[in-house]
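The values are calculated or read from the model by the stated rules, or taken from the named source; none is laboratory data. Worth saying up front: this structure is predicted, and the values here are computed from it rather than measured. As a convention, Cβ positions derive from the backbone with ideal geometry for all residues, glycine included, and neighbour counts pool all protein chains shown.
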Amino acid sequence: MTDCVFCKIAAGEIPSETVYEDESVLAFRDINPQAPTHILVIPKEHIASAADISPESGNSARVASCFEAIAKIARSEGLGGGFRVITNVGEDGGQTVRHLHFHLLGGVKMGDSLTGVLPHRQGV
Ligand code: AMP
Ligand code: ZN
């Protein structure tokens, strides 16, 4: 997609700090890190979000490739103690870039709750 920032990164049109790349996956450091290690793992092919994965679209293997990359990156980044993977979907999920991406977060012991993904409380 021509107006997609992550497609542009995948095409090398916007610079990024690449940490892993293969034929179908790219991983690069988040520009606004939320943990000591914060890497974004994306399929190079444009998929809008995790809501668009289906057998009909034939894109499930792209997700598997992302997770294979995540396991490799976690090892190379020294995250043997564990890590967290998050994907935001759509408006309510807080997705700001509409190209499927997995946040790989680590380098610190995560809190017990999924803080930050809890619903916004509106007087309830
Ligand atoms: P999300 O809110 O789940 O859509 O996450 C989008 C993430 O992309 C945020 O954590 C941003 O900091 C990150 N981001 C946006 N633009 C860039 C960029 N050019 N290079 C690296 N990370 C980016
Ligand atoms: Zn894209």
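Taking segment 8-52 only, how many residues are touching a residue at least 40 places away in the same chain (Cβ under 8 Å) and more than 10 Å from ligand 1 (Cβ to nearest atom)?
Number of matching residues: 16.
Please find, among His46, His38, the residue that is under 14 Å from the mean Cα position of the chain (by Cα), surrounded by fewer than 19 Cβ atoms within 10 Å (Cβ to Cβ) and more than 18 Å from Arg84 (Cα to Cα). Outline the logic, then answer.
On the way: His38 fails: more than 18 Å from Arg84 (Cα to Cα).
None of the other options fit; the residue is His46.
Mind checking which residues of segment 53-83 are farther than 22 Å from Ala10 by Cα, exposed (fewer than 15 other Cβ atoms within 10 Å of the Cβ) and not acidic (Asp, Glu)?
Listed by number, the residues that qualify are Ser54, Pro55, Arg75, Gly78, Gly80, Gly81, Gly82.
Out of Ala27, Ala71, Ala48, Ala61, I need the residue that is modelled with pLDDT of 95 or more and in a loop (DSSP other than H, G, I, E, B). Which one? Steps first, answer last, please.
Numbers: Ala27 fails: in a loop (DSSP other than H, G, I, E, B); Ala71 fails: in a loop (DSSP other than H, G, I, E, B); Ala61 fails: in a loop (DSSP other than H, G, I, E, B).
Checking each option against the conditions leaves just Ala48.
Return the residues of segment 9-23 that are in contact with a helix residue (DSSP H, G or I) (Cβ under 7 Å, 6 or more places away or on another chain) and of a type in the set (S, T, N, Q); say none if nothing qualifies.
Ser16
Within segment 84-94, can you find the residues that are assigned to a helix (DSSP H, G or I) and crowded, with 16+ Cβ neighbours inside 10 Å?
So in segment 84-94, the residues assigned to a helix (DSSP H, G or I) come out as 90-93.
Matches in segment 84-94: none.
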